[in-house]
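The values are calculated or read from the model by the stated rules, or taken from the named source; none is laboratory data. Just so we're clear, the structure is a prediction, and the values are computed from it rather than from any experiment. Positions of Cβ are backbone-derived with ideal geometry, glycine not excepted, and every protein chain shown enters the neighbour counts. Surface accessibility is based on the protein's heavy atoms, side chains included, excluding ligands, DNA and RNA. Shrake-Rupley method; radii C 1.70, N 1.55, O 1.52, S 1.80 Å.
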Amino acid sequence: MGASLPALLRRPAILWSALAVALVAAVIAALVVIPGRSSGAGYLDADAPIAERVEDLLGRMTIEEKVGQMTQATVAAIDADPGHITDLGIGSLLNGGSDALRDTPEDWAEMIDGYQRAALDSRLGIPLLYGVDAVHGNATLPTAVIFPHNIGLGAAHDPDLAGRVAAVTAAETRTTGVHWTFAPCICVARDSRWGRTYESFGEDPGLAIEYAGPIVHGYQGDDLTANTSVLATAKHFVGDGGTGYGTSTTENYLLDQGITTLTEDELRAIHLAPFVEAVDAGVGSVMVTYSSNDLGQGPLKNHADEYLITDVLKGELGFEGFVVSDWQGVDQISDDYAVSVRTAINAGIDMVMVPFEYELFVTTLLAEIESGGVSEDRIDDAVSRILTQKFALGLFEQPYSDTTGSDAIGSEEHRLIAREAAAASQTLLRNENDLLPLSGDESIYVAGSGADSLGRQLGGWSGSWQGSVQAIHEGTTILEGLEAVAPDAAITYSKNASEPVVGDVGIVVVAEDPYAEGVGDAGAGDHDMRVSESDAAAIETVCGAIDCVVIVVSGRPIEIEAHLDEVDALVAAWLPGSEGTGVADPLFGLTPYDGRLPVSWPRLLEDEPLNVGDADYDPLYPYGYGLQTT
């Protein structure tokens, strides 16, 4: 019940002052019109159905403004002249790798809001859509929680947990002003030599099928306008996990961006099936893969494949979101840029991640429209799809950042979910004489390159495209996790096992250095899926002296059989993220080992590609294998 007038009159002057300020603010808010927007325009009616708002706005746009909406530039390019956002009506920006990273949510929000102001200054005031690769946490932010990569989530065989991981990632991303994540990757890795194996949930499409829906919902939530939700991206469409070794023509890559050779039925059963689930879950965008498919008539770049993008994805699957290219992916179609642009847009790509020569893209596409190479109907379809998602995100009503949830970034609650996910992903492959779990009161000798290396735990896509051994993030290393979970243990640490080996048990944490994409293709460079010389020496020294556990920190199986003679217990930790305590939890019995291999573990590198169901299938450890403890 409201207060009476006499009661109101008795309230302190300071309250009257606050009420006056609030009243003035409300009046100002009601009167403010964002520059460039026409008051009374139908597309500004927040109560109108989105389809009507899109139709109204589309009818007001020039062809130049439509092409601008189809353009995505990287901040590294646009920073030379931010006025181009206004002048060209650029529809989207992204961070490429380590471009323009900021240390705090507020710094991110300030940067993005600056670009957003430029967009709102355009004639129609259409807001920007800002995207980042928040693929295992918002790894662009040093204080954010970093979760296990997808390969570890696949080992955990818990799609609901993965959905909670995605929800935390969304919350820690949207509150910085970012609206869109280029995740999840629902690729199916059929050759572990691929440098993107860790971005996959595993070799069996059944895993990606199970995970696609819960993760998309985790990112997008029940309300895309909420500052805890981000637009999700199902990627990479389609077949990128099936490329043949040696088929890539990109730099010194061997698998990544190569050719997938199979029948259409096989493509649908293995690689397309997860996208069916993502589309059914309402995913807002789909990213096309660099790779090509050869379905029996020669290889065709996915960026040029009208049948798969338009007929299958948009038609048969009923996808209503928008299709975005990969970074400079359109450029790979042809040496003639105009041919590349015309072919990609006609194939069904709606937004082009240019990302540098955005002026060239705009002028090229306008020329193609003028010449009749691309129809305006195709342009209208693309722009309608993009605008639909911008309206769904609430960007026309709330274009600027809402940082009210920033205090939760890196919170204990969020870190506990990351710890849970890391623990659930731990996969026990050997346990002689039931060495594990440890009691926690042993004297323990710890060695190996991965024991005290947060950067190796995080892997690629962490602070930069390739990641770094020198992590920029906050977190707990595996060594620190051991010390926290078993405070009564007497722990000696010697990275290279150069100190005398004494103790009840040894723990050697071997690790890959971080990598991403084709740079990590085995044989393409420094990443060869083998135990490093220093880690091999540590295994020999420690395991030859005392009972020992070897923990493998990697984005895929590594060739390790030759080093196991003296090893009592073997654990695949995958890339566990920022919470090293999650690796320690099952080691000391706080949680059980329950992870299962999401990929087959080969004896030798040359055994790849190796997948369950192959003829003469003879892995070191089969798909689905994992010992359990209680």
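Quick rundown of the values:
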read-out: Condition met for Gly315 (open to solvent by less than 20 Å² (accessible area, probe 1.4 Å) and more than 15 Å from Leu267 (Cα to Cα)); value: no
read-out: Top-ranked residue in segment 121-132 [being open to solvent by less than 30 Å² (accessible area, probe 1.4 Å) and over 12 Å from Pro399 (Cα atoms); ranked as nearest to the chain's Cα centre (by Cα)]; value: Val132
read-out: Segment 546-580, residues that are outside any loop (DSSP other than H, G, I, E, B) and either open to solvent by 10 Å² or more (accessible area, probe 1.4 Å) or among the aromatic types (Phe, Trp, Tyr) (or both); value: Glu559, Glu561, Ala562, His563, Trp574, Glu579
read-out: The lone exception for Glu420 - which of (1) outside any helix (DSSP H, G or I); (2) open to solvent by 40 Å² or more (accessible area, probe 1.4 Å); (3) in contact with a Lys or Arg (Cβ under 9 Å, 6 or more places away or on another chain) it fails; value: (1)
read-out: Enumeration of residues in segment 51-86 that are under 31 Å from the mean Cα position of the chain (by Cα), open to solvent by 50 Å² or more (accessible area, probe 1.4 Å) and of a type in the set (Asp, Glu); value: Asp79, Asp81
read-out: Of residues in segment 70-115 being hydrophobic (A, V, I, L, M, F, W, C) and assigned to a loop (DSSP other than H, G, I, E, B), the one nearest to Gly321 (Cα to Cα); value: Met70
read-out: Subset of segment 318-339 (residues that are open to solvent by less than 40 Å² (accessible area, probe 1.4 Å) and either free of Cβ contacts under 8 Å to residues at least 24 places away in the same chain or of a type in the set (Asp, Glu) (or both)); value: Asp326, Ser334
read-out: Exclusive hit being farther than 16 Å from Glu368 by Cα, in contact with a Ser or Thr (Cβ under 7 Å, 6 or more places away or on another chain) and not hydrophobic (A, V, I, L, M, F, W, C), set Ser285, Ser325, Ser340; value: Ser285
read-out: Test: residue in segment 38-57 that is hydroxyl-bearing (Ser, Thr, Tyr), under 14 Å from Gly131 (Cα atoms) and either in contact with a Gly (Cβ under 7 Å, 6 or more places away or on another chain) or free of Cβ contacts under 8 Å to residues at least 24 places away in the same chain (or both); value: no
read-out: So Ala118, is it open to solvent by 10 Å² or more (accessible area, probe 1.4 Å) and in a helix (DSSP H, G or I); value: yes
read-out: Unmet criterion (only one of (1) open to solvent by 10 Å² or more (accessible area, probe 1.4 Å); (2) of a type in the set (Val, Ile, Thr); (3) touching a strand residue (DSSP E or B) at 6+ places or on another chain (Cβ under 6 Å)) for Val135; value: (3)
read-out: Residues that are among the aliphatic types (A, V, I, L, M) and open to solvent by 10 Å² or more (accessible area, probe 1.4 Å), drawn from segment 216-253; value: Leu224, Ala226
read-out: Any hit, segment 459-467, residues being in contact (Cβ under 8 Å) with a residue 12 or more places away in the chain, in contact with a His (Cβ under 8 Å, 6 or more places away or on another chain), among the aromatic types (Phe, Trp, Tyr) and closer than 19 Å to Ala573 by Cβ; value: yes
read-out: Residues being buried (at least 21 other Cβ atoms within 10 Å of the Cβ) and hydroxyl-bearing (Ser, Thr, Tyr) - total across segment 300-312; value: 0
read-out: Residue among Thr364, Thr343, Thr404 that alone is open to solvent by 30 Å² or more (accessible area, probe 1.4 Å) and either touching a Leu at 6+ places or on another chain (Cβ under 8 Å) or farther than 17 Å from Asp326 by Cα (or both); value: Thr404
read-out: Criterion (closer than 19 Å to Gly241 by Cβ, of a type outside the set (A, V, I, L, M, F, W, C) and in contact (Cβ under 8 Å) with a residue 12 or more places away in the chain) met by exactly one of Asp294, Asp265; value: Asp294
read-out: Residue in segment 522-544 that is closer than 18 Å to Thr427 by Cα, open to solvent by 30 Å² or more (accessible area, probe 1.4 Å) and outside any loop (DSSP other than H, G, I, E, B) present; value: no
read-out: Qualifying position, being out of contact with any Lys or Arg (no Cβ under 7 Å at 6 or more places or on another chain) and within 22 Å of Gly460 (Cβ to Cβ), among Tyr219, Tyr198, Tyr245; value: Tyr219
read-out: Members of segment 591-628 that are touching a residue at least 40 places away in the same chain (Cβ under 8 Å), assigned to a loop (DSSP other than H, G, I, E, B) and open to solvent by 20 Å² or more (accessible area, probe 1.4 Å); value: Thr591, Asp594, Arg596, Arg603, Leu604, Pro609, Val612, Leu620, Tyr623, Tyr625, Gln628
read-out: Test set (1) at pLDDT 95 or above; (2) closer than 22 Å to Thr104 by Cα - Gln389 fails condition number; value: (2)
